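Remarks on the structure that follows.
Bear in mind that the values in this text are calculations on the coordinates, not laboratory data. No experiment lies behind these values; they were computed from the predicted model shown. For neighbour counting, all protein chains shown are included, and Cβ atoms are generated from backbone atoms with ideal geometry for every residue, glycine included.
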Amino acid sequence: MQRDLINTLPEKVGQSVTVYGFVQVRRDHGKIIFLDILDRSGTVQVVISPGVNLDHLPGAQDAICVTGMVNKRPENLINKNLPTGEIELAVQSLEILSKAQELPFDMGGKDLDLQLPTLLDFRALTLRHPKIKKIFKVQEMVVEGFKRAAQKLDCTEIFTPTISYSSTEGGAEVFKVKYYEHEAFLVQSPQIYKQIAVGAFERVYLISHAYRSEPSITTRHLSESIQMDCELGFMEFEDLLDALELVGRAVVEYVVKTYPDILEEFGVDQPKINPEIPRLKMREAQEIIRERTGRESNEPDLSPEDEREICRWALEEKNSDFVTITHYPTKKRAFYSMPDPQNPEYSLSYDLLFKGVEILSGSQRIHDLGKLEEVMKERGMDPKNFEMYLQAFKFGMPSHGGFSFGLERMTMQILGLANIREASLFPRDMERIDIRLSKT
Ligand code: AMO
């Protein structure tokens, strides 16, 4: 099958070409009809002149095949914003390969101005909009930037299960699944597997799905999300902070370098990436927030508003869109987090915040088998349910730790999206799993 990709057409002026794609917009100007045709490489304007006889005229979203002549556009009709803006395709023949039904809303604008539920109810259609697609082109580069940075740290990529015998992150937010005659869980995180893997590979990275039966609807939580994790052996707390900041910076820099045009289209400022990311203990952050806002907090965690405030501080005072918060209360963190030997009430844990939202979390881990079993018992967990995990600690386990970035959270923050659901191809929450559950 002969096919010319749209982005090659500017080199083919005066030639007859065949293009396959979707009709993005149709504009009827009297007897002349203009179509914007989209394939994976770009968009081109197609002209159907009155002399061309077509049995059926295509409409928005029809999948079509057009054969035509690539012509230079008249000087006054050049579109400088389009890579193909100096040419157009004059139709000789056109075949509708698959006809689209009438669209429920206009897909032709630069922005798709829809309420979030509509955007998601018609996901198969709204994903076709050029601006929506760009969110996922950026997401692809977030993953690529992460992989490159993790490989630079000499991590081995691993692939881990999403069905597990034990639940790792504590709390009730775990999905149970029937596993033959047994009960199992969807993983809340690949935590136990990446720690076990440290014993084998010393340094690992992985990109995996994580499931949380979040009981509430927020703009930053999904029931199924994608985590990008690293776990590093023979590392102490400060080394881990250096590693996570290196990766965080590298990811954002990679996206900025690859898609400056998309960031501009989304109206986001160039991220401020200071080579020295400010680091604060959680209590220091609370003190700064109190000084700035007068808001007292004895909470064992930072609230979403606290996160926004401390990020405002980091930007104003340290010229940084990143800030690392450390030493969260041990009780608030998962069982495997190492308590700070100086003050065990607080843990050697950290979150990385970016533009007002936590995008990463992690800790140095307890690597002593006895301590680990003790903590599990204190928390009412049964070590028997963690047999394979604990096995790793029986056979020599170095000091180690790691971290996990939320892919959708990073995408949302880099593009300044209002809701995490926009950064998930097919978001799941308590109201939605492919369909809106209230509709059933
Ligand atoms: P945590 O639970 O903080 O840590 O998750 C790590 C990162 O994953 C993202 N994230 C989510 N994104 C969307 N919806 C959710 N429900 C959701 N939950 C988490 C966030 C968060 O910072 N095992 C540890 C990590 C570690 O210690 O290495 C963990 O899962 O961006």
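Grab the other residues whose beta carbon is less than 13 angstrom from that of Glu253, score K and R as +1, D and E as -1, and report the net. Residues near Glu253 contribute +2 overall.
Taking 0.36 nm per residue of sequence separation and removing the Cα-Cα distance, the Lys137/His29 pair yields an extension gain of 35.5 nm.
Computed on the range 6-98, the Cα convex hull volume stands at 92 Å³ per residue. For Cys230, the shell of other residues with beta-carbons less than 9 Å away shows a net charge of 0, using +1 for Lys and Arg and -1 for Asp and Glu. Relative to one another, the C-alpha centroids of the range 210-224 and the range 274-336 are positioned 23 Å apart. For the set Lys332/Lys377; Lys152/Lys194; Lys176/Lys332; Lys272/Lys318; Lys272/Lys355; Lys12/Lys80, the pairs lying more than 21 angstrom apart at their alpha carbons are Lys176/Lys332. The residues packed around Thr218, meaning those with a beta-carbon under 11 Å from its beta-carbon, carry a net charge of 0 if Lys and Arg are +1 and Asp and Glu are -1.
Note on Lys99 and Ser303: with the Förster distance fixed at 41 Å, the Cβ-Cβ geometry gives a FRET efficiency of about 0.20.
With a cut-off of 14 Å on the backbone N, the residues of the range 121-159 near the modelled label site 7 Å out from Asn419 along Cα-Cβ are 121-123.
What's the longest uninterrupted piece of the chain once you rule out the chymotrypsin sites (Phe, Trp or Tyr not before Pro) that are loop residues per DSSP with at most 10 other Cβ within 10 Å? Free of exposed loop sites, the longest segment is 181-394. For the range 80-117 versus the range 130-159, the spacing of their alpha-carbon centroids is 29 Å. Projecting label points 7 angstrom from Cα along Cα→Cβ for Arg379 and Asn71 puts them 7.0 nm apart.
Quick note on the chain: its Rg to Rh ratio, both from C-alpha atoms and Rh being the Kirkwood radius, is 1.06. Dividing the summed helix terms, -39500 (n - 2.57) for each DSSP H run of n ≥ 4, by the number of residues in the chain produces a 222 nm estimate of -9000 deg cm²/dmol to the nearest 500.
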